[in-house]
Structures are given as C-alpha cells and as structure tokens.
Amino acid sequence: MSQGRDSAKSLVLVSVICLLCLFVLLKGANAATYTVGGPSGWSFNTDTWPNGKRFRAGDILVFKYDSTSHNVVAVDKSGYSNCRSTAGARVFRSGNDQIKLGKGQNYFICNYPGHCESGMKISINAV
C-alpha cells in the first residue's frame, strides 16, 4: 500500500514542477519586443518615441544603429538629464543591441558628442 502512496506523491511532485515550469515560460512569453525609434531605428530626435507606449519590466528594447557613429549607454537620471555617461554606465556598441527593461525608470543615451543633445536619448518607465 505504501508503494501506491509513494507513486501518488511522485506524480503530484512532477505535476507541480511541470506547472511551475509552464508558469515561467508563459511569463517570459508575455514580454514585448520594441525596436527603438521604429523602422528608422535609434537616431536623432528619438526622445519622443516612447510617448504613448506602455512598457513592462522584462520587455526587450532593440536598438538598431550604425555602430561606427552611435552607441547606447544605460545611464541614471542625472546622466540622462545632463547627457553625460555616469561612472559604471553600461555601454553597448553592437549596432543591434537587445536590452531587457528593469522595473521602474530606464534611461538610455548616445554619448557621441552632440547626439544626446539632439534627442538621441530615451526615458522609459517599465511597470
């Protein structure tokens, strides 16, 4: 009789593990992917691109740009406001960067001279 109970416990355990795995997969499947700047990509005057969009933590931003003349720098609020890279800022240079949004405010700039000041920056709040 105890062998039957052990089998039932094993079946329940396997079922719970499968449900947890399914939940994790579904949660990741709900993440949206956005190409920053739309079809024209990461470029000047992109600062208004996020307007009207709703972002969630875990969404992916794809930055497409010419890597010989631009980059993407994840900065803090001060770096965004002043168009300056901050200490420890993460710099992306591939020309096709995929960045997962964290919960809260996310700030990105291009730190090539004059680019951020020309609107090559975005601020996104992910809920």
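The values are calculated or read from the model by the stated rules, or taken from the named source; none is laboratory data. All figures in this text were calculated on a predicted structure; none of them were measured in a lab. Counting neighbours? That spans all protein chains shown, and the Cβs are built from the backbone with ideal geometry, glycine included.
Could you say whether any residue in the range 111-119 is in contact (Cβ under 8 Å) with a residue 12 or more places away in the chain, part of a strand (DSSP E or B) and in the same structural domain as ASN45 (by TED's automatic domain parsing)?
Within the range 111-119, the first condition is being in contact (Cβ under 8 Å) with a residue 12 or more places away in the chain, and the residues that meet it are 111-112, 115-119.
Keeping just the survivors that are part of a strand (DSSP E or B) gives none.
Within the range 111-119 (the criterion being in contact (Cβ under 8 Å) with a residue 12 or more places away in the chain, part of a strand (DSSP E or B) and in the same structural domain as ASN45 (by TED's automatic domain parsing)), the answer is no, since none of the residues qualifies.
Looking only at the range 75-103, count every residue that is among the hydrophobic types (A, V, I, L, M, F, W, C), out of contact with any helix residue (DSSP H, G or I) (no Cβ under 6 Å at 6 or more places or on another chain) and more than 17 Å from TRP49 (Cα to Cα) and tell me the total. I'd like the intermediate steps shown before the answer.
The initial filter retains those residues of the range 75-103 that are among the hydrophobic types (A, V, I, L, M, F, W, C), namely 75, 83, 87, 89, 91-92, 99, 101.
Still in the list and also out of contact with any helix residue (DSSP H, G or I) (no Cβ under 6 Å at 6 or more places or on another chain): 75, 87, 89, 91-92, 99, 101.
Going one step further and asking which of them are more than 17 Å from TRP49 (Cα to Cα), we end up with 75, 87, 89, 91-92.
Qualifying residue count for the region: 5.
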| field | All positions within the range 102-127 that are touching a Gly at 6+ places or on another chain (Cβ under 7 Å) and either modelled with pLDDT under 95 or among the aliphatic types (A, V, I, L, M) (or both) | value | ILE109, ALA126
